[in-house]
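Peer 1: Got a structure for you, questions after.
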């Protein structure tokens with residue numbers, strides 16, 4: 001049986017005093033022409049014990065079915081839920097899903113807390129899908145808590161190809177014109193946030209956290225999207241801070257702090273039949289602290305179909321004690337029995353690393369390992385120092401790289 005947290009008991013006099021202040025503050029802010037729905041009016045309790053899945057979905061159904069501009073408010077409290085779908089299409093011309101903050105210090109902000117029984121889930125926990133002009137926002141700190149620690153021991157994906165994939169905390173699928181801002185995601189069972197088949201997404205001021213040893217807890221995974229912007233966020237997990245998978249176009253990432261974790265990855269690519277091309281990637285002004293990798297492009301060897309990954313710019317990066325600050329790996333395979341005798345079917349083209357500086361925890365700070373020749377790889381103004389004994393070095397295989405400006409380490413030694 002699942003163990004659920006007990007509600008906090010507060011002294012009656014202090015509670016009454018604080019509640020009166022909260023009601024007054026809420027009344028002062030509730031001057032708006034937007035049609036507003038309160039999840040608690042549809043059976044959600046927010047007490048952290050009762051199951052609020054049906055209440056939240058009923059509130060969404062009412063909000064989604066209302067014409068005009070609509071806000072669904074999730075008041076301060078902890079909402080214990082299983083698999084939950086917030087689906088459209090909606091009659092609302094624009095809809096906001098708002099995790100409210102409390103002006104009262106004794107109450108937590110709006111918090112969605114996952115059930116720990118894996119039998120209650122498919123591939124994801126919370127799903128926003130088929131909605132146009134959707135905003136998912138926190139008010140000074142809305143929290144999405146995946147309670148992943150109970151599930152991580154069941155994750156065999158780091159060692160088995162045929163593993164069962166655990167549920168992603170929040171999935172955005174087939175949405176148009178989406179804003180996600182001011183959200184905190186903690187302890188996902190698998191990925192924190194996944195984007196699939198969306199067009200025009202803006203994500204900012206996100207806080208994503210899981211322990212360094214938590215498996216496959218990617219911060220944001222992006223697949224088959226067009227026009228995604230991620231900015232001004234802090235991500236520290238047990239896997240990639242951001243991973244850009246197959247079939248993406250025009251992805252822009254700026255001012256993201258990454259660490260701990262595996263770094264920022266394009267890939268892995270080339271594992272499955274029918275993968276789409278990846279083009280138009282611009283990543284700038286990121287800081288990596290204590291991560292396994294900095295910026296990485298990784299593709300599987302022996303790809304079942306051919307695809308293209310091209311037109312990428314990684315610039316203005318700061319590496320602080322990063323194992324592999326710059327890495328292209330076309331022989332990616334996380335399993336122990338990889339033969340490394342095939343050539344990747346993913347063609348890499350026009351990849352530029354510009355203004356990359358900092359420290360490496362391994363002597364090889366730049367590794368460019370292409371399965372077939374990479375075309376148009378450029379390194380411009382790279383300054384990476386080894387924080388151990390001796391200097392840094394570069395290693396290349398089929399890279400055909402061009403070097404511009406300052407280079408430390410020196411251009412590649414051939415593998």
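Peer 1: Report whether or not residue 114 is surrounded by 23 or more Cβ atoms within 10 Å (Cβ to Cβ) and over 20 Å from the mean Cα position of the chain (by Cα).
Peer 2: On the way: surrounded by 23 or more Cβ atoms within 10 Å (Cβ to Cβ): yes; over 20 Å from the mean Cα position of the chain (by Cα): no.
No.
Peer 1: Examine the stretch 9-29 for a residue that is at pLDDT 95 or above and not in a loop (DSSP other than H, G, I, E, B), and state whether such a residue exists. Step through it out loud before you land on a result.
Peer 2: Taking the stretch 9-29 and keeping what is at pLDDT 95 or above, we get none.
No, the stretch 9-29 contains no residue that is at pLDDT 95 or above and not in a loop (DSSP other than H, G, I, E, B).
Peer 1: Could you tell me how many of the residues in the stretch 133-160 are modelled with pLDDT of 95 or more, touching a strand residue (DSSP E or B) at 6+ places or on another chain (Cβ under 7 Å) and either over 18 Å from residue 53 (Cβ atoms) or buried (at least 22 other Cβ atoms within 10 Å of the Cβ) (or both)?
Peer 2: The total comes to 8.
Peer 1: Let me ask something else about it. For residues that are crowded, with 19+ Cβ neighbours inside 10 Å and either touching a helix residue (DSSP H, G or I) at 6+ places or on another chain (Cβ under 8 Å) or farther than 12 Å from residue 206 by Cβ (or both), tally how many sit in the stretch 225-234. Please lay out each step first, then the result.
Peer 2: Of all residues in the stretch 225-234, those crowded, with 19+ Cβ neighbours inside 10 Å come to 225, 228, 230, 233.
Narrowing the set further to residues that are either touching a helix residue (DSSP H, G or I) at 6+ places or on another chain (Cβ under 8 Å) or farther than 12 Å from residue 206 by Cβ (or both) leaves 225, 228.
The total comes to 2.
Peer 1: What's the number of the only condition in (1) surrounded by fewer than 23 Cβ atoms within 10 Å (Cβ to Cβ); (2) modelled with pLDDT of 95 or more; (3) closer than 22 Å to residue 114 by Cα; (4) more than 14 Å from the chain's Cα centre (by Cα) that residue 181 fails to meet?
Peer 2: That leaves (4) as the condition not met.
Peer 1: Return yes or no: is residue 237 out of contact with any strand residue (DSSP E or B) (no Cβ under 8 Å at 6 or more places or on another chain) and surrounded by 24 or more Cβ atoms within 10 Å (Cβ to Cβ)?
Peer 2: Values: out of contact with any strand residue (DSSP E or B) (no Cβ under 8 Å at 6 or more places or on another chain): no; surrounded by 24 or more Cβ atoms within 10 Å (Cβ to Cβ): yes.
Taking the combined requirement at face value, the residue does not satisfy it.
Listed here are the residues, each with its yes/no results for (1) outside the structural domain of residue 66 (by TED's automatic domain parsing); (2) touching a helix residue (DSSP H, G or I) at 6+ places or on another chain (Cβ under 7 Å); (3) within 18 Å of residue 75 (Cα to Cα).
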{"residue": "92", "(1), (2), (3)": "no, yes, no"}
{"residue": "101", "(1), (2), (3)": "no, no, yes"}
{"residue": "120", "(1), (2), (3)": "no, no, no"}
{"residue": "134", "(1), (2), (3)": "no, no, no"}
{"residue": "141", "(1), (2), (3)": "no, no, yes"}
{"residue": "146", "(1), (2), (3)": "no, no, no"}
{"residue": "158", "(1), (2), (3)": "no, no, no"}
{"residue": "168", "(1), (2), (3)": "no, no, no"}
{"residue": "171", "(1), (2), (3)": "no, no, no"}
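Peer 1: Looking at the stretch 47-69, which of its residues are part of a loop (DSSP other than H, G, I, E, B), in contact with a strand residue (DSSP E or B) (Cβ under 6 Å, 6 or more places away or on another chain) and more than 24 Å from residue 118 (Cβ to Cβ)? Give the steps one after another, and end with the answer.
Peer 2: Taking the stretch 47-69 as the starting set, the residues that turn out to be part of a loop (DSSP other than H, G, I, E, B) are 52, 65-67.
Remaining after also requiring in contact with a strand residue (DSSP E or B) (Cβ under 6 Å, 6 or more places away or on another chain): 52, 66.
Listed by number, the list holds a single entry, 66.
Peer 1: Of all residues in the stretch 263-284, which are surrounded by 24 or more Cβ atoms within 10 Å (Cβ to Cβ) and either over 25 Å from residue 306 (Cα atoms) or touching a helix residue (DSSP H, G or I) at 6+ places or on another chain (Cβ under 7 Å) (or both)?
Peer 2: 263
Peer 1: Can you tell me which residues in the stretch 397-415 are surrounded by 17 or more Cβ atoms within 10 Å (Cβ to Cβ), touching a strand residue (DSSP E or B) at 6+ places or on another chain (Cβ under 7 Å) and over 18 Å from residue 354 (Cβ atoms)?
Peer 2: 397
Peer 1: Here's another thing I want to ask about it. For the subset of the stretch 379-415 comprising residues that are under 29 Å from the mean Cα position of the chain (by Cα) and in contact (Cβ under 8 Å) with a residue 40 or more places away in the chain, which member is nearest to residue 369 (Cα to Cα)?
Peer 2: Looking at the filtered set, the residue picked out is 379.
Peer 1: If I filter the stretch 281-299 down to residues being closer than 12 Å to residue 316 by Cα and outside any strand (DSSP E or B), which single residue comes out as nearest to the chain's Cα centre (by Cα)?
Peer 2: 286
Peer 1: Within the stretch 177-236, how many residues turn out to be part of a strand (DSSP E or B) and more than 18 Å from residue 132 (Cβ to Cβ)?
Peer 2: Number of matching residues: 22.
Peer 1: OK, next. Working only within the stretch 358-380, note down all residues that are part of a strand (DSSP E or B) and buried (at least 17 other Cβ atoms within 10 Å of the Cβ).
Peer 2: Once the filter is applied, which keeps residues that are part of a strand (DSSP E or B) and buried (at least 17 other Cβ atoms within 10 Å of the Cβ), the stretch 358-380 yields 358, 359, 360, 364, 365, 366, 367, 368, 369, 377, 379.
The values are calculated or read from the model by the stated rules, or taken from the named source; none is laboratory data. Note that the coordinates shown come from a computational prediction; the quantities given were computed from them, not determined experimentally. Cβ: placed from backbone, ideal geometry, glycine included. Neighbour counts: every protein chain shown.
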